1. Simple spin-label model, 7 Å along Cα-to-Cβ: residue 74 to residue 102 in nm?
2. At 7 Å along Cα-to-Cβ for each site, give me the label-to-label distance between residue 63 and residue 16 in nm.
3. Can you tell me the FRET efficiency between residue 111 and residue 52 if r is taken as the Cβ-Cβ distance and R0 is 22 Å, rounded to the nearest 0.05?
4. Could you calculate the contour length gain from residue 120 to residue 94, that is, 0.36 nm times the residue separation minus the distance between their Cα atoms, to one decimal place in nm?
């Protein structure tokens, strides 16, 4: 049982550690903005600015979607000029995920997965490079309604991507 005092061995170790600490010379501080300077990217203890964290854009969970219908109720627009949308998707029916890009009133459709259907109940992740002067949405390629098991879209800012 401890009486609140440290033993002679512990006291000796503490004194030795204090002597070692006193002999150490401090490292020179890096110039502000230099690599390793406090607050600089990659510096110990530095955190990413909120400007560089992924941004939630859209989510669908277990919803039936008719053919020739955009999966999202409204197009999504990137918050940063050059970034990417990271898309996680899974369908309950074999179908292809198409990315729809609208710019200046014109919409084009790009097929994902090399134009092949996604496997039923499998999760896929696609990175879609985006710009903030266009709007984006998604469709499936099936001739009937399908169940979108899950669709999750995050925007990854360019400095992180």
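What follows is calculated from the coordinates using simple rules that are stated; it is not laboratory data. Since the structure is predicted, the reported quantities are computational estimates derived from the model, not experimental observations. Methodologically, a virtual Cβ is constructed for each residue, glycine included, from the backbone with ideal geometry; neighbour enumeration extends over all protein chains shown.
1. Between residue 74 and residue 102, the label points sit 1.1 nm apart.
2. Between residue 63 and residue 16, the label points sit 6.6 nm apart.
3. Details: r = 30 Å, r/R0 = 1.38.
Efficiency for this residue pair is about 0.15.
4. Contour length minus Cα-Cα distance gives 8.8 nm.
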